[in-house]
Amino acid sequence: MTTAFEPATIGRYTTRNRIVMAPMTRSRAYGRGASATPLMAEYYAQRAGAGLIITEGTQPSPEGQGYPDTPGLHTAVQVEAWRGVTSAVHARGGLIFAQLMHTGRIGHPSLTGLPPVGASAIAAAGTVFTPTGPLGFVAPLALDDAGIERTIADFAQAARNAVDAGFDGVELHGANGYLLHQFLATNTNTRTDGWGGDVAGRIRLTVEVVQAVAHAIGADRTALRISPGNPYNDITEDDVEATYNALVDALDPLGLAYLHLAEGPDVELTSTLRVRWSGPLVLNPFTPGSWTGPDALGRVEDGSADLVSYAALYLANPDLPARLAVGGPFTAPDYGTAYGGHERGYTDYPTLDDATVVG
């Protein structure tokens, strides 16, 4: 029986264990031009005991930014700043992938001075947080062919920038209602051209972005995150199984580093995709009403996944693998400090060596 504390192979790398730090937006990129800071380097280095760290969502272009103070990977300043982060993680023996996240229609012109873009000109329901407070989502500009090709090129260049910045690879964010997911979903993609309509059209952008990035930096340094059926950010998918079976079948021959599955309530779909996907599978288990806990390690032991990813517990427990190995205790996350701020709720969570553990 394989356990979560054994090494795994992802692409060209061997992880120290099978416990992954999931991507989490923290909105603390206060450096010049939305760049990383020394405090971010400390935060990620504290968590270098993970088998793999996946960074917070990082925009591949200015128009890809959807939240305040999220970092980018599209300028020389940003690349140089990220080198401080990757060096700090590597100094502690860690592996780190950058998650490239284009938010698409989830954003607001007040953040970037640019209109959001999407698959179709359909606004998301709800509001987005901006520097002036919550504002309603606006209808995005539907990307034309030239805009789509530019977006694909932006992802590929951001991947090259990530490698230049010292990242071990990139994870493309195709989940949670952001741009790639907007092209996959039936309620956000009502196009009738080659980028929409049937399943083949709706998966096309994701497939071509993955192909472009794999060509730019190598398939063995390229990964994709998906969240089949996830309604977050006003998403509806009418043909989940057909869409994701087709997507996995199209990408499987590329030999990607891994597929990262954010599981929904349809756990049977997890089993289906597990069989169809021949490469490493990172699973973020479905844990409604709570955070992923120690029981999730069993998903590695029973073969449901090769690695398991943790978000909330990794936010609050920088030495999470050590805690999981001994069954806790676990610090409870303070969600009031999750976004923005400085050290508090970011780099000041205790380790097992500290005298006081909360939760």
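Overview of values
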item: For segment 281-323 and segment 41-108, distance of Cα centres in Å; result: 21 Å
item: Label-to-label distance, nm, for residues given as T272 and R344 (7 Å Cα→Cβ offset); result: 4.7 nm
item: Over the chain, relative contact order from alpha-carbon pairs under 8 Å, at least 6 apart, %; result: 17 percent
item: Counting DSSP beta bridges with both ends in the chain, the antiparallel % (nearest 5); result: 20 percent
item: Candidates A338, A50, A305, ranked by Gaussian network fluctuation over the chain, Cα under 10 Å, top entry; result: A338
item: In nm, spacing of pseudo-spin labels at M1 and T236 (7 Å Cα→C-beta vector); result: 4.4 nm
item: Expected 222 nm ellipticity per residue - DSSP helices of 4 or more, -39500 (n - 2.57), all of the chain, to 500; result: -9000 deg cm²/dmol
item: Cα-centred dipole magnitude for segment 141-231, charges only on beta-carbon of K, R (+1) and D, E (-1), debye, nearest 20; result: 180 debye
item: Cβ-defined net charge surrounding R16, 11 Å radius [Lys, Arg +1; Asp, Glu -1]; result: +1
item: Peptides ranked, highest mean first, by Cβ atoms within 10 Å: ranges 75-83, 205-213, 102-110; result: 102-110, 205-213, 75-83
item: Rg and Dmax of segment 210-359, Cα atoms only, in Å; result: 17.6, 52
item: Mean Kyte hydropathy of -0.5 or more with a Cα span along the axis of at least 18 Å, helices from DSSP in the chain; result: 76-91, 145-164, 199-217
item: Label-point separation in nm, R32 to R83, each point 7 Å along Cα→Cβ; result: 1.4 nm
item: Relative packing of 161-174, 324-337, 12-25, which averages over residues the other C-beta atoms within 10 Å, highest first; result: 161-174, 12-25, 324-337
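Values in this text are rule-based calculations from the coordinates and carry no lab data. In this text the structure is predicted, and so the values were computed from the model without any measurement. Note that each Cβ is placed from the backbone with ideal geometry, even for glycine, and that neighbours are counted across all protein chains shown.
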